[in-house]
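Student: If you scroll down you'll find the structure; I have some questions about it.
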Amino acid sequence: MTGRLTIVGLGPGAADMVTPEVSQALAQATDVVGYGPYVSRVAPRPGLRLHPSDNRVELDRAQAAIRMAQQGQRVVVVSSGDPGVFAMASAVFEALETMPGAADVAIDVLPGITAMLAAAAALGAPLGHDFCCINLSDNLKPWSLIERRLTLAAEADLAMAFYNPRSASRPEGFARVLEILMQACGPDRLISFARAVSTPEQVLNTVPLGQATPDMADMRTIVILGSSTTRRVGRWVYTPRFAG
Ligand code: SAH
């Protein structure tokens, strides 16, 4: 059997949001590699080996997956959401760079529905105009870079989606983020907290920035800050298609 490495996104949580091509890759896999909670979203079956790991060992995990594919296994590397959004696809390519001779491994990247898009749909259309997304974890970048990007994005009047709002290594970081945004955007700017989107535990909460508190977010929450034109209509939050 020819080995193959398929890097997939499992979507935000709902089984219906796993794409058919991802389901097919999982059905053909011999091995599934990834962070434990994501691997546990894959149904066990005879002949399928599951390799759950800790979330701090992305590069080791990626190297192990490449080695298995070189040995002829059909390996699927799983991420939540989309694998290219703060997830395993980049880790696999980083690993590939360090492994001479591995560049000819057959690799496919299959997209998934990223948390930001599932949350935006549940809220209405807060990302309906220009936006950016920022990972608030400072595991892989200095905190000063996060602050600089927040300030510049606010200046550009972009809506913003924030992944990993409560970094385990810096629990006070999100309080600082809210302070910076208050300063730059004022207390009336809408901010939405979308937790466990598409799962039975989903909670959506939209408030003016002046009422936002750090405890409204945890690691299962994606935070969406509106631009200056983002508004409410009924229970919905949306950003009009025109600006300026
Ligand atoms: N690759 C993933 C993101 C991984 S970073 C994706 O594309 O969605 C992990 C962060 O994603 C979490 O801290 C949270 O901010 C966000 N997230 C992932 N799933 C989520 C969900 N179902 N609801 C809300 N936020 C989610």
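Student: Have a look at 209, 158, 225, 181 and point out the one that is open to solvent by less than 60 Å² (accessible area, probe 1.4 Å) and under 18 Å from the mean Cα position of the chain (by Cα). Let's see the steps before the verdict.
Tutor: Values: 209 fails: under 18 Å from the mean Cα position of the chain (by Cα); 158 fails: under 18 Å from the mean Cα position of the chain (by Cα); 181 fails: under 18 Å from the mean Cα position of the chain (by Cα).
Only one candidate qualifies: 225.
Student: OK, next. Residue check: is residue 53 at pLDDT below 95 and touching a helix residue (DSSP H, G or I) at 6+ places or on another chain (Cβ under 8 Å)? Please lay out each step first, then the result.
Tutor: On the way: at pLDDT below 95: yes; touching a helix residue (DSSP H, G or I) at 6+ places or on another chain (Cβ under 8 Å): yes.
Here the answer is yes, as residue 53 does meet what is asked.
Student: Also: Here's a check for you: in region 184-206, which residue that is open to solvent by less than 40 Å² (accessible area, probe 1.4 Å) and more than 15 Å from the ligand (Cβ to nearest atom) is nearest to residue 152 (Cα to Cα)?
Tutor: 185
Student: Given the criterion of a type outside the set (Asp, Glu), within 14 Å of the ligand (Cβ to nearest atom) and closer than 30 Å to residue 229 by Cβ, identify the matching residue among 112, 124.
Tutor: Answer to the selection: 112.
Student: When region 208-241 is examined, which residues are found to be farther than 13 Å from residue 126 by Cα, part of a loop (DSSP other than H, G, I, E, B) and more than 9 Å from the ligand (Cβ to nearest atom)?
Tutor: Within region 208-241, 212, 213, 234 qualify.
Student: A follow-up question, please. Which residue pairs have Cβ atoms closer than 9 Å, lie 6 or more positions apart in sequence or on different chains, and pair a first residue in region 5-25 that is in contact (Cβ under 8 Å) with a residue 40 or more places away in the chain and within 11 Å of the ligand (Cβ to nearest atom) with a second residue that is assigned to a helix (DSSP H, G or I) and hydroxyl-bearing (Ser, Thr, Tyr)?
Tutor: From region 5-25, the pairs are 10/38.
Student: Kindly check whether there is at least one residue in region 112-119 that is more than 18 Å from the chain's Cα centre (by Cα), within 29 Å of residue 55 (Cα to Cα) and without any contact (Cβ under 8 Å) to a residue 12 or more places away in the chain. Break it down stepwise before answering.
Tutor: Our first condition is that a residue be more than 18 Å from the chain's Cα centre (by Cα); within region 112-119, this holds for none.
No.
Student: Continuing with the same structure: Can you name the condition, by its number, that residue 219 falls short on among (1) at pLDDT below 95; (2) open to solvent by less than 50 Å² (accessible area, probe 1.4 Å)?
Tutor: Here residue 219 clears every test but (2).
Student: List pairs: first in region 126-140 and among the small types (Gly, Ala, Ser), second modelled with pLDDT of 95 or more, Cβ under 7 Å, 6+ apart or cross-chain?
Tutor: As it stands, the answer is 128/238; 128/239; 128/240; 128/241; 137/164, since those pairs meet every condition given.
Student: Another question, then. Just one of 85, 22, 77, 92 is in contact with a Leu (Cβ under 9 Å, 6 or more places away or on another chain) and either open to solvent by 30 Å² or more (accessible area, probe 1.4 Å) or assigned to a strand (DSSP E or B) (or both); which is it? Before you say what the answer is, go through the steps one by one.
Tutor: On the way: 85 fails: in contact with a Leu (Cβ under 9 Å, 6 or more places away or on another chain); 22 fails: either open to solvent by 30 Å² or more (accessible area, probe 1.4 Å) or assigned to a strand (DSSP E or B) (or both); 92 fails: either open to solvent by 30 Å² or more (accessible area, probe 1.4 Å) or assigned to a strand (DSSP E or B) (or both).
One residue alone meets the criteria, 77.
Student: Sticking with this one: Looking at region 193-207, can you tell me whether even one residue there is in a helix (DSSP H, G or I), within 25 Å of residue 56 (Cβ to Cβ) and of a type outside the set (Phe, Trp, Tyr)?
Tutor: no
Student: Determine, yes or no, whether residue 161 is in contact with a Cys (Cβ under 6 Å, 6 or more places away or on another chain) and of a type outside the set (S, T, N, Q). Explain how you work it out, then say what you get.
Tutor: Numbers: in contact with a Cys (Cβ under 6 Å, 6 or more places away or on another chain): yes; of a type outside the set (S, T, N, Q): yes.
For residue 161, the condition - in contact with a Cys (Cβ under 6 Å, 6 or more places away or on another chain) and of a type outside the set (S, T, N, Q) - is met.
Student: Looking only at region 142-155, which residues are open to solvent by less than 60 Å² (accessible area, probe 1.4 Å), away from the ligand (no atom under 16 Å from the Cβ) and touching a residue at least 24 places away in the same chain (Cβ under 8 Å)?
Tutor: 143, 147, 154
The values are calculated or read from the model by the stated rules, or taken from the named source; none is laboratory data. Quick caveat, the model's predicted, so the values are computed rather than measured. No Cβ is skipped: glycine too gets one built from the backbone with ideal geometry, and neighbour counts run over all protein chains shown. Calculation scope for accessible area: heavy atoms of the full protein, side chains included, ligands and nucleic acids excluded. Shrake-Rupley method; radii C 1.70, N 1.55, O 1.52, S 1.80 Å.
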